[in-house]
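What follows is one structure encoded as C-alpha cells, with my remarks underneath.
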Amino acid sequence: MAFWIPACGRCKTMDTALAEPTNPIPAASGLEIRERKWHAVRAFLRTPTSIIGVLIILAWIAVALSIPHWSPFDPIKQDVVNRLSPPSSAHWFGTDYLGRDVFSRVLYGSRISLPLAVAVAMASLLSGSAVGAVGGFLGGLLDEVAMRVADITLAFPAIVLAMAIITATGPGLENAMIAIVIVGWPQYARLMRAQVLSVRHGEHVVAARAVGASESRILIRHVLPLCISPVVVAVTLDMGNVLLLASALSFIGLGATPPQAEWGLLVAEGRTKFYQVWISGFPGLAIMSMVLGFNFIGDGLRDALDPRTRTT
Amino acid sequence: MRKFLVRRLLVLIPTLIGVTLATFSVAHYIPGEPLAAVLGQRALSNPEIVARYRAEWGLDKSLPEQYLIYMGNLLRGDMGKSIRMQRPVLDDLSEFFPATVELAIGALLLSIGGGVLLGVVAAIKSNTAVDQLIRAVALIGSSMPVFWMALIFLQVFYAQLGWFPGPGRLDSALAPPPAKTGLYVVDGLLARDWEVAWNAFKHLLLPAVVLGWYQMGLIARISRAAMLEVLAADFVRTARAKGLRERVVITRHVLSNAMLPTLTVVGLAVAGLMAGAVQTETIFSWPGIGRYAVQSSGNLDFPAIMGVTLLTAFLFISANLVVDVLYGLLDPRVRAV
C-alpha cells in the first residue's frame, strides 16, 4: 500500500502511515483520499509518455469526429486511372489497387476502430467486473462456477477462441466484437474479484454493516470505490489489445468486410502489393499509434495509481 | 516433490474437462443448421452421410450422452473430419504441428534471450537513456500489430533488400529433409544435409523475430522489474560490501534470484506465441497450425478450427504446468503451500 512519489514530503508521511501490513485498508479520511487522487494526477502528468499518449488519443478523437468535414477524398470512391500511385502532394499516402485515397481511408478508419476499442473494452469491463464483484462479495456456488468458467475461457489463446466463435456465428464486425467480449471478460472478473476479496472484510465495511447498510449499498458505496484503480489501468491497456485483436481478425477475413475502411482490412488489401508498401504501411502505423496511445496512458496510470510497480 | 507434482496433475483434470465442455457447447450452439457447419453443404444433401454422422456422434441422444460420446471420440483421437481437406482433423494437425513447433521454439529462444538481456541491461542502467530506449523497444513490440509487422518485414527485408529468403520453410528448389522430428533445421542436421539445414535456418529467422518480438518486450519488462527488486535486497548490499566485483554480484547474486518471476511469464509467452503464430504463419506461408486455422476459418471449416482450438488450449495448459513444476523445483517455498 506504499504510496511514494519522489520529492514529495506529504507522500512520505502517508507511506509510513499506510505501511501497516496487517490492515490492507488504509483508514483514509475523505480529505486524504482527495489528496491522494491529486497526487496520482500529478504523478501521471509528470511522465512524458503519458502526456504523449493522451495527445495521441485526443488527436484520433478529433480526427474521428471531424473527418467527414475536411477529408480530401471520398474514402470509397474509386479512381482506377490513378491506381497504385505512390504518395504525392495530391494523395499523401498514395492510392490503393482501386485508386482510392489511402490517407482518407486511414483517417476514416478511426471512426470504426476508436469506438470499437472503447465499446468492446467497456463491455468486457462491465460484464466481467459485475461477475467478479458480485461473486467475490457474496462467494458461494455462484462465485465458484463463475470463476471456473473464467479459468476455462482463459485456457484458450484469445485469438483462437475468437476465431472458433466467429466460425460458428459467421464472419462480420459485430460477431467479431461479441467474440472479443467473450474472450475478454474473464480477466476483469478475476481482477475485480481479487480486489473485492481484499477489501470486503475491511473495518469500514464492518462499520457500515453495523449501522445497518444493505449489502448492495455496501458493495456499491463502500467496496467498489476502493477497487477501481487497477481496473481503470486494465481497461486502458485492454483497449489497445482489443484494437490489435479486432484488426487481426479483420485482416484474416473474419471481421470487417469490404468496402469498410477498417485498418486491419486496409492492411490486408495491400498484402500482395510487395512494391507498394504504402497501401498496408500507413494503416498499420495508424493501428500502432492508437495502440501505443492507449498503452502509454495505461502505463502512466499504473505508475501513478500503484507506485509499487515503479521501483527506483 | 512427488506430492506436489501429483496435486498439480490432479488440478489439471477439471480444467481439461472444462475445456472440452466449452468446445462441445460452442459446437452445439451453432446457430442455424449445425450439421451444415460440421459436414459442409455438399455432404448435407447426402442422407447416407448425414445418417452415419448422426449415429457416430449420437445426435439423437440426450445432451449428457452426446457429451460422453464426444469425449469418447476425442480420447480415441477422433475430432471429426475436416471439410476443406476431406480427411480426419487429427491427420491435419499432426502434419502441420511440427512447423509451428519449430517456429515457436525459434521465437521463444529469441524472446527469452533478448528479453532477459534487455531487462538486465535496463535494470543496471535504470532511469538512463538506455533504459528509456529499451522501454520504447518493448512498448513498440507490444503495440505493433503482428500481422502488419510480418508483412512489412517481408516487404522490406525480402522483397526490397533481399537479405532474407522469402515465405515458406525452404527454398522451393530444395527437398525437405527426411522427417524424424519434423523440425527442418534439426532434421537437416541429423541427415548431415548442411545446405538444407542452413536454408531452413535462414527461412526461420525472419518469422521467428516477428513472432518473438512481442514476448521479448514482455519478458524484458518483467525481468527488469524483478532485477530492480533484487538489486535493492540486503544480501546484494552485503555482497557489494564484502568487495565482490559488480559483474559477480549481478550474475551470481542478482540474476539467479531475479529469474524466478521471469519464468512465470514464459508460460504466458507460449500462449502468446500460439496466438501470434496465427498471424505470422499466414503471412510467411508457414505450413503450421496457425495458417491451417486461418484457412479453415476462412472456409468455415468448423471441425478443423475446433481441433486447433482444443490443441492450443491443451498446449497452453501444459506450458503452465511445466512452468509450475519448474517453479516448484527452483523455489522450495512454492511446494510447501
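For the reader, a short list of remarks on this structure follows.
- Ratio of Rg to Rh for segment B:92-288: 1.06 [Cα atoms; Kirkwood radius as inverse mean 1/r over pairs].
- Estimated FRET transfer efficiency when R0 is 30 angstrom, pair B:Leu133-A:Ala194 (beta carbons, to 0.05): 0.30
- Only one residue of A:Ala146, A:Ala43, A:Gly264 has its Cα farthest out toward the positive end of the dipole of chain A, where Lys and Arg carry +1 and Asp and Glu -1 on Cβ, and that residue is A:Ala43.
- For the protein assembly as shown, size of Cβ-based charge dipole, Lys and Arg +1, Asp and Glu -1, in debye: 1720
- Ordering B:Gly72, B:Ile305, B:Ser318 by Cα displacement along the dipole of chain B toward the positive end leaves B:Ser318 in first place; charges were set at the Cβ atoms of Lys, Arg (+1) and Asp, Glu (-1).
- About its Cα centre, chain A has a charge dipole of approximately 480 debye under the convention of +1 per Lys or Arg Cβ and -1 per Asp or Glu Cβ, with nothing else charged.
- Peptide B:16-25 - average C-beta neighbours from other chains (10 Å radius): 3
- Label-point separation, B:Lys125 to A:Gln78 (7 Å along Cα→Cβ), nm: 5.2
- Residues in the protein assembly as shown average 47 Å² of solvent-accessible surface per residue, probe 1.4 Å, ligands and nucleic acids excluded.
- Theoretical gain in end-to-end length, B:Leu68 to B:Ile105 [0.36 nm per residue, Cα-Cα removed]: 9.8 nm
- Entry note, chain B: relative contact order of 25 percent, from Cα contacts under 8 Å with a spacing of 6+ residues.
- Taking the charge dipole of segment B:92-288 about its Cα centre, with +1 at Lys and Arg Cβ atoms and -1 at Asp and Glu Cβ atoms, the residue from B:Ala136, B:Phe153, B:Leu110 reaching farthest to the positive side is B:Ala136.
- Two tests apply to each whole DSSP H helix in chain A, Cα reach of 15 Å or more along its axis and mean Kyte-Doolittle hydropathy of at least -0.5, and the ones passing both are A:48-70, A:102-138, A:140-154, A:158-169, A:173-199, A:224-251, A:277-305.
- With all protein chains in place and ligands, DNA and RNA left out, the 1.4 Å accessible area ranks B:Lys81, A:Lys77, B:Lys3, B:Lys202 as B:Lys3, A:Lys77, B:Lys81, B:Lys202, largest first.
- Based on Cα contacts under 8 Å between residues 6+ apart, segment A:155-312 shows a relative contact order of 24 percent.
- Among the protein heavy atoms, those of B:Ser45 account for about 90 Å² of accessible surface (1.4 Å probe, every chain in place).
- Centroid-to-centroid separation of segment B:200-215 and segment A:232-267 [C-alpha atoms, Å]: 23
- Over the residues of chain A, the helix contribution to mean residue ellipticity at 222 nm works out to -23500 deg cm²/dmol, using -39500 (n - 2.57) for each DSSP H run of at least 4.
- The mean of 1/r over all pairs of different alpha-carbon atoms in chain B, once inverted, gives a Kirkwood hydrodynamic radius of 22.8 Å.
- Debye intensity ratio in log₁₀ form over the Cα atoms of segment B:216-337, taken at each q of 0.21 Å⁻¹: -1.12
- Cα-based reach from A:Lys77 at 20 Å (exclusive), listing aspartates and glutamates while leaving out same-chain residues under 8 positions away: A:Asp96, A:Asp101, A:Glu262, A:Glu269
- Neighbour net charge for A:Ile279 - beta-carbon separation under 13 angstrom, K R +1, D E -1: +2
- With every protein chain in place and a 1.4 angstrom probe, the accessible-area ranking of A:Leu154, B:Leu228, largest first, reads A:Leu154, B:Leu228.
- Cα centroids of segment B:49-69 and segment B:290-319: 22 Å apart.
- Efficiency of FRET from Cβ geometry, A:Asp151 and B:Asn46, R₀ 51 Å, rounded to 0.05: 0.80
- Relative contact order of segment B:92-288, defined on C-alpha pairs under 8 angstrom at six or more residues apart (%): 37
- Over the protein assembly as shown: Rg over Rh, Cα atoms, Kirkwood Rh: 0.98
- Between segment B:102-129 and segment A:133-210, the alpha-carbon centres lie 32 Å apart.
The values are calculated or read from the model by the stated rules, or taken from the named source; none is laboratory data. Quick caveat, the model's predicted, so the values are computed rather than measured. Backbone-built Cβ (ideal geometry, glycine too); neighbour counts: all protein chains shown. All accessible areas refer to the heavy atoms of the entire protein, side chains included, with ligands and DNA or RNA removed. Shrake-Rupley method; radii C 1.70, N 1.55, O 1.52, S 1.80 Å.
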